[in-house]
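Heads up: the structure comes next, in structure tokens.
Each value in this text was obtained by applying a stated rule to the coordinates, not by laboratory testing. Predicted model, so just to flag it, every value in this text is computed and none were measured. Quick reminder, even Gly has a Cβ in these numbers, built from the backbone with ideal geometry, and neighbours come from all protein chains shown.
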Amino acid sequence: MRKVYAGLFSSLDGVVEAPNEWQPSFDEEMGAALSRMLDEQDAVLLGRVTFTEWAEYWPTSTDEPFASWINSTPKYVASSTLDSVDQWSNSTLIKGSVADFVAELRQQDGGTIGTAGSPSLVRSLIDQGLLDELTLMISPVGAGGGRKRLFADDAALTKFELVEAQPTSSGALIATYRPIR
């Protein structure tokens, strides 16, 4: 069975939305961690917001090697409002239940299924018991209010076990967790 992994940038206060607005640095260790994750993935799950933002940039980007990777990798888009994802090659709109689609995708042959950004989708995968591993790249900053956090204030208790933790040269912490089911 294929595994579903998520990697998100997080602030100390749990903000995962728009890290470009609050993340103080991106260091070599973060780059290496992201490269390791991408090397294992052969499919990507995207939420509507991330897909819409990325579809405007990555198809014409020359920012290598990520541009080549993301443009050639199958992308599955979770959205109840989009009618089409045809503007970005190798993209498929998930019709119907995202949980059912991901459960079926996990049964197919292939490598790891990753998520890119999409904190609402990641929360949904956690809630549905479909996320196998969560890597947070925690920056030493409090991002403040007005942005999405991974878990809402009224979220149910969710337990994780720490798999690995690595401090980085910029003072960030790369922490990988597995949900306890």
(request) Determine which lysines satisfy two conditions relative to Lys148: a Cα distance under 24 Å, and not lying fewer than 8 residues away in the same chain. (result) Lys75, Lys159
(request) Go through region 77-91 residue by residue and turn each phi into a ³J(HN,Hα) via Karplus (6.51, -1.76, 1.60, θ = phi - 60°); whole Hz please, and just put x for glycine and proline. (result) 10, 8, 7, 9, 10, 6, 9, 7, 10, 5, 5, 10, 4, 6, 10
(request) Please report, in debye to the nearest 20, how large the charge dipole of the chain is about its Cα centre when each Lys and Arg carries +1 at its beta carbon and each Asp and Glu carries -1 there. (result) 480 debye
(message) Cut-off is 10 Å between beta-carbons; in what order do Ile113, Ile94 appear when sorted fewest neighbours first?
(response) Ile94, Ile113
(message) Could you derive backbone 3J(HN,Hα) for region 6-22 from the dihedral phi with the Karplus parameters 6.51, -1.76 and 1.60 (θ = phi - 60°), listing whole Hz in sequence and x where the residue is Gly or Pro?
(response) 10, x, 9, 7, 9, 8, 4, 8, x, 6, 10, 8, 6, x, 4, 8, 9
(request) Can you put Thr50, Thr81, Thr73 in order of Cβ neighbours within 10 angstrom, beginning with the fewest? (result) Thr81, Thr73, Thr50
